[in-house]
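Sharing a structure with you now.
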Amino acid sequence: MADELQSDFRKKLESAPFIAILRGVQHGEVVEIAEALVSTGISIIEITVDSPDPYITMETLALRISEQVMICAGNVLTAEQATDAANAGSRVIFSPNFNASVIEASKNKKALSAPGIFTVTEAVAAIDAGADALRIFPADNFSTNGLHALRTVLPEDTIYLPTGGLTAHKVKSWMAAGAVGFGLGTSLYTPGTTADEVLDRAKVFTQILVRHDA
């Protein structure tokens, strides 16, 4: 089960390496926004647990559109939140920090764990604790040279996900440094953003991939 989920996560990132972070989204609007994202190829959708009724929102996605998206929970700080999110349908648990108990709770619920890291010490500890991916956070205070250095000491197949302060023109340099995916937050969605606006913003990022492959 875990290997299958990890494989699906990698495939989705290979198809479109963007994680849509919907902080503050309402459960009544989330399906329309998710459908807009899917139309651009983005299928990994993260609902932060500090959003209104986050578990209801996750359950709404699971009920309405789970075959098209991978539902994730974000800003998870405690083992209890990780458990609640997994019970609501989240398959990946994202944290802004490294907390071994959150990783353990995620794995116990057969979900993937992607803790936030900023130092080599945190990265090694997270991998040793069973992390399935590493969220480099905040990415705007990190560097691509830092990622190059990190890759020399961690397992070759480690998934790196820069998040925080990313703009479309930074994507290529991060990919060249070894990033596998990117967390897109306020550059994609803030409370009140319509589905059409999310669609337009998402296209700016997905079109970078077309130019990158050309």
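Residues checked against (1) among the aliphatic types (A, V, I, L, M); (2) within 20 Å of Thr193 (Cα to Cα):
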site	(1), (2)
Ile33	yes, yes
Ile45	yes, yes
Val49	yes, yes
Thr57	no, yes
Leu61	yes, yes
Asp84	no, no
Gly89	no, no
Pro96	no, no
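For region 180-199, give me each residue that is buried (at least 22 other Cβ atoms within 10 Å of the Cβ) and assigned to a loop (DSSP other than H, G, I, E, B).
Answer for region 180-199, where residues must be buried (at least 22 other Cβ atoms within 10 Å of the Cβ) and assigned to a loop (DSSP other than H, G, I, E, B): Gly181, Leu188, Tyr189.
Pick out the one residue from Pro138, Pro115 that is of a type outside the set (Val, Ile, Thr), touching a strand residue (DSSP E or B) at 6+ places or on another chain (Cβ under 8 Å), surrounded by fewer than 20 Cβ atoms within 10 Å (Cβ to Cβ) and under 23 Å from Gly24 (Cβ atoms).
Pro138
Under the condition of being crowded, with 18+ Cβ neighbours inside 10 Å and not β-branched (Val, Ile, Thr), which residue from region 30-42 is farthest from the chain's Cα centre (by Cα)?
Within region 30-42, the match that is farthest from the chain's Cα centre (by Cα) is Ala36.
While we're on this one: Under 8 Å between Cβ atoms, which residue pairs at least 6 apart in sequence (or on different chains) link something in region 64-75 that is at positive phi with a partner that is part of a loop (DSSP other than H, G, I, E, B)?
Asn75/Arg23; Asn75/Val49; Asn75/Asp50; Asn75/Ser95; Asn75/Pro96
Okay, residues lined up against (1) part of a loop (DSSP other than H, G, I, E, B); (2) touching a helix residue (DSSP H, G or I) at 6+ places or on another chain (Cβ under 7 Å):
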| position | (1), (2) |
| --- | --- |
| Phe9 | no, no |
| Lys12 | no, no |
| Ala20 | no, yes |
| Val25 | yes, yes |
| Glu32 | no, yes |
| Ala36 | no, yes |
| Ile47 | no, yes |
| Ser51 | yes, yes |
| Met58 | no, yes |
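Kindly indicate whether any position in region 80-88 is of a type in the set (A, V, I, L, M, F, W, C) and in contact with a Cys (Cβ under 6 Å, 6 or more places away or on another chain).
No, because not a single residue in region 80-88 is of a type in the set (A, V, I, L, M, F, W, C) and in contact with a Cys (Cβ under 6 Å, 6 or more places away or on another chain).
Read the figures in this text as sums done on the coordinates, not as results from a lab. Since this is a predicted model, take the numbers as computed values, not measurements. A quick note on method: Cβ atoms are made from the backbone with ideal geometry, for glycine too, and the neighbour counts reach across all protein chains shown.
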